[in-house]
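I have placed the structure first, in the form of structure tokens, so that the comments after it can refer back to it.
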Amino acid sequence: MKITVGIPRALLYYHYYPAWEAFFRSLGAEVVLSDETTKAILDAGVHLAVDETCLPVKLYLGHLVNLRDKGVDYIFAPRVVSVEERKYLCPKFLGLPEIARFCVPDLPELLTVEINVHQQYRRTISGLYQLAARFDRRPWKARLALRAAERAQECYEKRLKEGLTPYDVLSGKGLVKKHGSMKVAVLGHAYNVNDPFISLGIIEKLRAMGVEIVTSEMLRSEEINTGADKLEKGIFWTFGHLLMGAGLHFLQQQEIVGLILVAAFGCGPDSLTCELVERFYKRRRSIPVLLVTLDEHTGEAGLVTRLEAFVDMLRWRKAV
Ligand code: SF4
């Protein structure tokens, strides 16, 4: 019987799942994903987390419980410190394996590896080799697994640049780009915007209203960097840089008629970045901005009303 490795359908799943899946599969393991988010999964995470924890981390804990209950042999819980030069992920990602261990009882063994591309590149690679050796001790198998991961990730990112969202690609439910009568940028962490339960299906609701949405994942890194270069001082948080760079890039695009910022309750970096992006939009070009803050109590009816009012207002502005 194959060894099973569980991967929570939360947080960095929306960024790196294709690479992780290819890595473990090519080492002969069976990859088991947690189920799509449900109220029970969210409630399990909320119950285990301390109150101040941000919503996405609470949800991550709920997905760990779901995997534990599926009886997987291991759960992959990397410690992702940095994925590019001179930028870091938020501290929650640095302590994620410990948060998982201390908050969720009776977890199977966590497979942790430190990903620190900025300061510890060689150690990161050797950590990945050690992880691979847990499944197959032949070094060439590790090389193949890393190459398979790289290829899968490139292929995934190419699909995103074609105008698809992470959820479109990962769920396999929307592999054709959706056009609409007007373009609206939706900015927020991929793990919030793309989880249909936690975001209350914001993307699909907008598309159903005839809106074409664009997100930061659809941009090339040069576009993000050029956007972010407009700031006097760079943001050293990877996701802050991504949101800010994408926001300032979209600000220059005349076809973008509105911006929706999706923030998570309890997220320190979001409170700063969203405020900054909003100020730029008010000062430089009067594009309407809607801020949606998600928490475990966000109601669907309220969100629909706000989205409908926002889209109606954009249509009215377009018509006059
Ligand atoms: S960036 Fe914000 S939402 Fe994401 S893990 Fe950190 S605190 Fe939570």
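Every read-out reported here was derived from the displayed coordinates using simple, explicitly stated rules and does not represent laboratory data. Keep in mind it's a predicted model, so treat the numbers as computed, not measured. Counting neighbours? That spans all protein chains shown, and the Cβs are built from the backbone with ideal geometry, glycine included.
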Legend entry - Antiparallel DSSP beta bridges within the range 4-161, as percent of all bridges there, nearest 5: 10 percent
Legend entry - Neighbour net charge for LYS161 - beta-carbon separation under 14 angstrom, K R +1, D E -1: -3
Inset, instruction - Count the DSSP beta bridges whose two residues both fall in the chain, then state the antiparallel fraction as a percent rounded to the nearest 5. - result: 5 percent
Inset, instruction - Starting from the range 25-79, pick out the GluC sites (Glu not before Pro) whose DSSP state is loop and whose Cβ has at most 16 other Cβ atoms within 10 Å. - result: GLU36, GLU52
Inset, instruction - With +1 on each Lys and Arg Cβ and -1 on each Asp and Glu Cβ, and nothing else charged, work out how big the dipole of the range 166-319 is about its Cα centre, in Debye to the nearest 20. - result: 640 debye
Inset, instruction - Kindly write out, for the range 57-74 in residue order, the coupling ³J(HN,Hα) from the Karplus curve 6.51 cos²θ - 1.76 cosθ + 1.60 (θ = phi - 60°), rounded to whole Hz, with x marking Gly and Pro. - result: 6, 4, 5, 4, 4, x, 5, 5, 4, 4, 5, 4, 5, 7, x, 5, 6, 9
Inset, instruction - Run down the lysines and flag those whose C-alpha is under 19 Å from the C-alpha of LYS318, throwing out any fewer than 8 positions away in its chain. - result: LYS183, LYS282
Inset, instruction - For GLU275 and HIS118, calculate 0.36 nm times their separation in residues minus their Cα-Cα distance, and state this gained length in nm to one decimal. - result: 53.7 nm
Inset, instruction - Calculate the all-directions average of the projected area of the range 4-161's alpha-carbon convex hull, and give it in nm². - result: 9.4 nm²
Legend entry - Förster-model FRET efficiency, 35 Å R0, ARG306 and GLU30, C-beta, rounded to 0.05: 0.25
Legend entry - Least to most buried among CYS103, CYS274 (fewest other Cβ within 10 Å first): CYS103, CYS274
Inset, instruction - Please give the residues of the range 105-124, grouped as numeric ranges, whose backbone N is less than 13 Å from a label point set 7 Å along the Cα-to-Cβ vector of PHE236. - result: 118-119
Inset, instruction - Show the residues, 5+ positions off or on another chain, whose built amide H is closer than 5 Å to the amide H of VAL31. - result: VAL5
Inset, instruction - Could you work out how far apart the two model spin labels at LYS2 and ARG283 are, taking each label as a point 7 Å from the Cα in the direction of the beta carbon, and quote it in nm? - result: 5.3 nm
Legend entry - Per-residue HN-Hα couplings for the range 226-242 [Karplus 6.51, -1.76, 1.60; θ = phi - 60°; Hz; x = Gly/Pro]: 5, x, 5, 5, 6, 7, 5, 10, x, 9, 8, 7, 3, 6, x, 4, 4
Inset, instruction - For the range 19-24, take each phi angle, set θ = phi - 60°, evaluate the Karplus expression 6.51 cos²θ - 1.76 cosθ + 1.60, and give the result in whole Hz per residue in order, putting x for glycine and proline. - result: 5, 5, 4, 4, 4, 6
Legend entry - Cleavage-rule hits, GluC sites (Glu not before Pro), the range 243-297, DSSP coil, Cβ neighbours within 10 Å at most 10: GLU255
Inset, instruction - Please say if the range 213-295 is rounded, prolate or oblate, where rounded means a/c under 1.5 for a ≥ b ≥ c the square roots of the C-alpha gyration tensor eigenvalues, and otherwise the choice is prolate for a/b larger than b/c and oblate otherwise? - result: rounded
Legend entry - Relative contact order of the chain, pairs being alpha-carbon contacts under 8 Å that are 6 or more residues apart, as %: 17 percent
Legend entry - Over the chain: helical MRE at 222 nm, DSSP H runs n ≥ 4 each giving -39500 (n - 2.57), nearest 500: -16000 deg cm²/dmol
Legend entry - Built amide H within the under 5 Å cut-off of TRP237, gap 5+: TYR88
Inset, instruction - Give the shape of the range 166-319 as rounded, prolate or oblate, defined through the alpha-carbon gyration tensor: a ≥ b ≥ c are the square roots of its eigenvalues, a/c under 1.5 means rounded, and otherwise the shape is prolate if a/b is larger than b/c and oblate if not. - result: rounded
Inset, instruction - Return the long-range amide H neighbours of ARG79 (sequence gap of 5 or more, or a different chain), with a cut-off of under 5 Å between placed amide H atoms. - result: VAL113, GLU114, ILE115
Legend entry - Net dipole in debye of the chain [+1 Lys, Arg Cβ; -1 Asp, Glu Cβ; about Cα centre; nearest 20]: 940 debye
